[in-house]
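A quick write-up on the structure given underneath.
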Amino acid sequence: MTLSATDFLRVALDPHRLAVLGLAASGPLDIDDAAYRLSITVGQVRRAVSRLVEAGLLDSNLALNRQALRDLAETLPADEAVSPLVLEGPWSQEEKDILGRFFVGTRLTEIPAPHARRRVILERLAQEFEVGLRYSEKEVNSLLQTFHPDYAALRRFMVDEGFLSRADGSYWRSGGRVEVDIA
């Protein structure tokens, strides 16, 4: 029996059942020990265990049924792919792979720690700023926040890496690739 995500939430979000599941993740449960460690009664642990076994989240040895969780994970929707808008531009295949790894849709999932990867991400974000325009810090924050909640770190990295410059309370794009029309 595969548990649906909704059923899993109904079962697991009870505080006692969730705590028992947490203990079971490290090995088979001892009901008396679980009651002691969780500061709840043996009866509360038994009721939680009973419901978790019934749902298939604990096996007959009172250990976490990891296969049930893997099966549940398979039913969850996959992450959205990187948006084609993020990939627009003169990116190499390697750069597109990096962008695809760190963007879901148009949202940046994390700021990469490796310098080379972070530079690709920052250069992509620099494309959002018009060459020749000045931006207030509030405008920079607002634009970067559409990509990632830690807009302050992104702004700081962009200045440190030379993609944005700052003076007298304003910012402007000072780095990254620029498309030139030859007409």
Among Val53, Leu122, Gly89, whose Cα projects farthest towards the positive end of the dipole of the range 16-141, with charges put on the beta-carbon of Lys, Arg (+1) and Asp, Glu (-1)?
Val53
Suppose R0 equals 35 Å. What FRET efficiency, 1/(1 + (r/R0)^6) with r the Cβ-Cβ distance, do Glu80 and His115 give to the nearest 0.05?
0.80
Computed for the chain: size of charge dipole around the Cα centre, +1 on C-beta of each Lys and Arg, -1 on C-beta of each Asp and Glu, debye to nearest 20, value 400
Going by alpha carbons, how many degrees (0 to 90, nearest 10) lie between the helix axis of 66-75 and the longest principal axis of the chain?
50
Normalised contact order of the range 108-161, rounded percent, pairs of Cα under 8 Å and 6 or more residues apart
41
Cβ crowding within 10 Å averaged over residues, with 101-107, 71-77, 122-128 ranked highest first
122-128, 101-107, 71-77
Remind me, relative contact order of the chain in percent, using alpha carbon pairs under 8 angstrom and six or more residues apart?
15
Would you order Lys96, Lys138 from fewest to most other beta-carbon atoms within 10 Å of each residue's own beta-carbon?
Lys138, Lys96
Just one of (i) 9, 26, 17, 14, 18, 12, 4, 0, 0; (ii) 10, 39, 37, 13, 0; (iii) 8, 20, 15, 14, 16, 18, 9, 1 is P(r) over Cα pairs in 10 Å bins from 0, in percent calculated from these coordinates, so which is it?
(i)
Could you work out the relative contact order of the range 1-70, using alpha carbon pairs under 8 angstrom and six or more residues apart, expressed as a whole percent?
35
May I ask you to work out the translational diffusion coefficient for the range 27-128 at 10 °C, viscosity 1.306 mPa s, via Stokes-Einstein with Rh from the Kirkwood sum over Cα pairs, reported in whole µm²/s?
91
Starting from 0 in steps of 10 Å, tell me what percent of the Cα-Cα pairs of the range 84-173 lands in each bin.
17, 54, 27, 2
Just from the alpha-carbon atoms, what are the Rg and Dmax of the range 5-75 in angstroms?
11.4, 35
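Values quoted throughout were computed directly from the atomic coordinates according to the rules given, and no laboratory measurement underlies them. If you're wondering where the values come from, they're calculated on a predicted model, not measured in any experiment. Because the Cβ atoms are built from the backbone with ideal geometry, glycine has one as well, and the counts that use them run over all protein chains shown.
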